[in-house]
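Trainee: A single structure is presented below for examination.
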Amino acid sequence: MAKPVQIEVWNPNGKYRVVSTKSMPGTRWINLLIQQDCRLEICTEKKTILSVDDILALIGDKCDGVIGQLTEDWGETLFSALKKAGGTAFSNMAVGYNNVDVDAATKHGIAVGNTPGVLTETTAELAASLSLSAARRIVEADEFMRGGLYEGWLPHLFVGNLLKGQTVGVIGAGRIGSAYARMMVEGFKMNLIYYDLYQATRLEKFVTAYGQFLKASGEQPVTWKRAQSMEEVLQNADVISLHPILDKTTYHLVNKERLAMMKKEAILVNCSRGPVVDEVALVEHLKENPMFRVALDVFEDEPYMKPGLADMKNAIVVPHIASASKWTREGMATLAALNVLGKIKRYPIWSDPNRVEPFLNENSSPPAACPSIVNSKALGLPVSKL
C-alpha cells in the first residue's frame, strides 16, 4: 500500500481528476484546468524529487491525467498504474523527456506531452550570461569581494577575456543554439563557427547581414563558417556552447580527447543535457589547465556533481536554471496543463509544437488542441486544422 502524500485540492467536485506532482509557477494553468471541470490535486510534499511510490499514491484508483517533472522516473510501473486508474494523459513540464519511457506510455495508450517553443530565448540568454560570466571571471570576483579580500585595485586582479573579435562556437544550431549564436554575434561582435547536421540558413543570413551592417558603419565585419566536424569547432573557437539533443550518439560528446583539442584558454558552456559532457574528464582537464573555464547548468548525474568539480575555481555551476524566467516557467506550466486537458477532452494535436504563442496569450482562450504530444503519431491521434 503506497503511503499517502500531502496535496492541495482545487475544484473538489470537478469531473476529471488531474494530478500535478509539483506546485508550478503562475495561476493560469490552474484556472484553465478548473474552468474545464477538472478537480486538480497538487502535491505539496516537502520532497525535491518524488519517488515512484509517492507518485503511485498520487495516481490512486482514479486519475485522468498527470503533470510531472523531468526529475521523476516515468516508466512501465507508473504508466501501468495510470492506465489502470483510467488515465490517458501525462505531460512533462519540460521540453526534454529523457525521464520518460515513451514506448511504455504508448503501449498503455497514454499520450506523453512536453513543452517546446517556450524555452528558446530564455535558455539562450542563460548560455550567453554564463559565457560572459566565465570570460570576465565574475563569480570568482564576487566571492573574492564577499570574502573581504579586496584591498585595492591591482593590474592583474581577475583579468579575463575580451569577447569582441573572438570566435564563438556552437555545436547544435537548432532553435536554442541559433538564438545563442545571434546574441553573441550581435551583442559582442564575435565571429561564428558552428557544427550541425543541417545547414542553419537563417542564422547564416543573419550573421551575413549583420557583418554588412558593421562594414557599412566602418567597423570590422563579423564572419560565419559552417564546420565540417565538431572537432573543427573545438579547435578554432574561443567560446563553445553545447546545444545537441541527448541520445546514444551524443553521450560524452565532449570527452578527454576532445577537451584536449580545445584552446588552453577556451570557455565551454553546457545548457543542454549533462551527460553530453564526460564530467570526470572535465574535472581533470580543469585541474591541468587553470586558464580553461567551464560554465554548467546541467550535470551528468544530476543533482550531483562529480568529485572535485565544486572545488574548481575555473568552473561556474548553476542548478539547472536555463528555463527559469518567470514568463517561461509560467508558460511551461500552462502548456503542460493544456497537454493533459486536451487529451482528456479528446482535442486534436497542434500542428506546430514550436508555435506556442496562441496558447500563452492571456487575453484570449487557448486553441482547442494539445500543444505538443511526442507520441501522437504512434497513438494515431488526429492533427488540428486550426
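The values are calculated or read from the model by the stated rules, or taken from the named source; none is laboratory data. Just so it is clear, the structure is predicted and the values come from calculations on it, not from any experiment. Backbone-built Cβ (ideal geometry, glycine too); neighbour counts: all protein chains shown. Keep in mind that these areas ignore ligands, DNA and RNA; they rest on the heavy atoms of the full protein, side chains included. Shrake-Rupley method; radii C 1.70, N 1.55, O 1.52, S 1.80 Å.
Trainee: Looking only at the stretch 1-62, where both bridge partners belong to it, what percent of the DSSP beta bridges are antiparallel (to the nearest 5)?
Mentor: Taking every DSSP beta bridge with both residues in the stretch 1-62, the antiparallel ones total about 45 percent.
Trainee: May I ask you to give the average projected area over all directions of the convex hull of the Cα atoms of the stretch 238-300, in nm² rounded to one decimal?
Mentor: Working: hull surface 14.8 nm².
Averaged projected area of the stretch 238-300's Cα convex hull equals 3.7 nm².
Trainee: Using the heavy atoms of the protein chains alone and a 1.4 angstrom probe, what is the accessible area of the stretch 189-300 per residue in square angstrom?
Mentor: On the way: 5470 Å² over 112 residues.
Ligands and nucleic acids excluded, the figure is 49 Å² per residue.
Trainee: When the accessible area of the stretch 297-345 is computed with all protein chains present and a 1.4 Å probe, what percentage of it is carbon and sulfur? All intermediate terms of the calculation are to be shown ahead of the outcome.
Mentor: Details: 1240 of 2140 Å².
Carbon plus sulfur share of accessible area: 58 percent.
Trainee: Once you compute Rg and the Kirkwood Rh from C-alpha atoms, what is the Rg to Rh ratio for the stretch 109-158?
Mentor: Taking Rg over the Kirkwood Rh, I get 1.35.
Trainee: Looking at the chain, what % of its DSSP beta bridges pair antiparallel, to the nearest 5?
Mentor: For the chain, the DSSP antiparallel bridge percentage is about 10.
Trainee: Here is a further query. Using a cut-off of 18 Å between alpha-carbon atoms, which aspartates and glutamates can reach LYS62, once sequence neighbours fewer than 8 places away in the same chain are excluded?
Mentor: By straight Cα distance, LYS62 reaches GLU8, ASP37, GLU41, ASP53, ASP54, GLU76.
Trainee: Here's a follow-up. Sort 165-175, 183-193, 149-159 by the packing proxy (mean of other Cβ within 10 Å over each peptide's residues), most packed first.
Mentor: Listed from highest to lowest mean packing, they are 165-175, 183-193, 149-159.
Trainee: Could you sort 354-364, 78-88 so that the peptide with the highest average Cβ count within 10 Å comes first and the rest follow in order?
Mentor: Averaged packing, sorted descending, gives the order 78-88, 354-364.
Trainee: Something else: If you wrap the stretch 19-142's Cα atoms in a convex hull and average its projection over all directions, what's the area in nm²? Write down the numbers at each step before the final one.
Mentor: Details: hull surface 38.9 nm².
Directional mean of the projected Cα hull area for the stretch 19-142 stands at 9.7 nm².
Trainee: So, one more: Hey, any idea what the orientation-averaged projected area of the convex hull of the stretch 234-386's Cα atoms comes to, in nm²?
Mentor: Mean projected area for the stretch 234-386: 11.5 nm², to one decimal.
Trainee: Using only Cα positions of the stretch 344-386, each an equal point scatterer, no hydration layer, compute I(q)/I(0) via Debye at q = 0.21, 0.22, 0.33 Å⁻¹ and quote the log10 values to two decimals.
Mentor: -0.65, -0.71, -1.28
Trainee: Name all residues of the stretch 1-25 having a backbone nitrogen under 15 Å from the label point set 7 Å from the Cα of LYS84 along its Cα→Cβ direction, giving them as ranges.
Mentor: 1-3, by backbone N distance to the label point.
Trainee: A follow-up question, please. Amide H of LEU268 versus every other amide H placed in the peptide plane: which residues, excluding those fewer than 5 positions away on the same chain, fall under 5 Å?
Mentor: Those lying under 5 Å, H to H, from LEU268 are ILE240, ARG293, VAL294, ALA295.
Trainee: Report, in listed order, any pair from LYS46/LYS248; LYS15/LYS84; LYS46/LYS343; LYS83/LYS326; LYS189/LYS263 with a Cα-Cα distance greater than 26 Å.
Mentor: Correct reply: LYS46/LYS248; LYS46/LYS343; LYS83/LYS326.
Trainee: For the stretch 208-354, what proportion of DSSP beta bridges, expressed in % and rounded to the nearest 5, is antiparallel? The partial results should precede the final answer.
Mentor: On the way: 1 of 13 bridges.
Looking only at bridges with both residues in the stretch 208-354, the antiparallel portion is about 10 percent.
Trainee: Above 19 angstrom, tally the Cα pairs of the stretch 58-213 and express them as a % of all pairs, no decimals.
Mentor: The share of Cα pairs beyond 19 Å in the stretch 58-213 comes to 67 percent.
Trainee: Under 12 Å between alpha carbons, and skipping anything fewer than 8 positions from LYS306 in its own chain: which aspartates and glutamates qualify?
Mentor: Correct list for LYS306: ASP278, GLU279, GLU284.
Trainee: Measuring from label point to label point, each 7 Å out along Cα→Cβ, what is the LEU197 to ASP352 span in nm?
Mentor: For the pair LEU197/ASP352, the computed spacing is 2.3 nm.
Trainee: Of THR71, ASN11, ASN361, which is farthest towards the positive pole of the chain's charge dipole, taken about the Cα centre with +1 and -1 on the beta-carbons of Lys, Arg and Asp, Glu respectively?
Mentor: Result: ASN361.
Trainee: If you don't mind, another one. Counting only protein chains, not ligands or nucleic acids, how are TYR198, TYR97, TYR180 ordered by accessible area (probe 1.4 Å), most first?
Mentor: The ranking, largest first, comes out as TYR198, TYR97, TYR180.
Trainee: Further, regarding this structure: If I require 30 Å or longer along the helix axis, counting alpha carbons, and a Kyte-Doolittle average no lower than -0.5, what helices from the chain are left? Use full DSSP H segments.
Mentor: None clear 30 Å together with a mean of -0.5.
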